[in-house]
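Heads up: the structure comes next, in structure tokens.
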Amino acid sequence: NDVTLIESTSSHLSKSHKIVIMSYSLLTKMSEKLKNINFNLIIADESHYMKNSRARRTQSLIPLLQKSKKAILLSGTPALSRPRELFTQLQALDEHTWGDEKEFLARYCRVPKSQSSSSHSFAEFNGASNTQELHTLLTGTIMIRRLKSDILHMLPPKQRFIIQLKIGDEILRSRLREMLYGIS
């Protein structure tokens, strides 16, 4: 009873469950129900999905993250060349430090003038500037960055298996044969 896997909007959601697991799409559909729960910790995997502040999933998740006692955002997708994509995640974790998007864009997302076609266009802020400063600031406060090469020795060796499945439905087996023939 401690773990709840939310598989549909009709799944039972209770304040008494210690762990709730759900997809971003269900989070969006159930955001009103979730607002009534005070989470101690939210772990958002693939947090780079929050890069667009206007996306419904982002607008549903940010209030929950900010209301939660603790939040952990996980992503294996680096945004080194586009700091702009980090802002929404940073703001979700600490809206006081990262409150001013215009200031963030001006400081860390400017395209060099030699590459910018106009001085005040949207594209002006699709680059990266002061990246060493931003990296130092992030790793000194909220970010732990681990490279695959740093942890590869801790991972078990990759294992591959071929599992043969018996398909009892003759029509389905015939369709699959046609598909395989078409592919080859």
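The values are calculated or read from the model by the stated rules, or taken from the named source; none is laboratory data. Here the structure is a predicted model, which means the values were calculated and not measured. Note: ideal-geometry Cβ built from the backbone for every residue, glycine included; neighbour counts use all protein chains shown. Ligands, DNA and RNA are excluded from the accessible area calculation, which covers all protein heavy atoms including side chains. Shrake-Rupley method; radii C 1.70, N 1.55, O 1.52, S 1.80 Å.
Here ILE37, ILE6, ILE19 are screened, and the one residue that is of a type in the set (A, V, I, L, M, F, W, C) and open to solvent by 70 Å² or more (accessible area, probe 1.4 Å) is ILE19.
Using the structure shown, decide if GLU95 is open to solvent by less than 60 Å² (accessible area, probe 1.4 Å), at pLDDT below 90 and either in a loop (DSSP other than H, G, I, E, B) or not basic (Lys, Arg) (or both). In short, no. Contact map, the range 123-137: residues that are at positive phi paired with residues that are modelled with pLDDT of 90 or more and surrounded by fewer than 16 Cβ atoms within 10 Å (Cβ to Cβ), Cβ distance under 6 Å, separation 6+ or inter-chain. Pairs shown: ASN130/ARG107.
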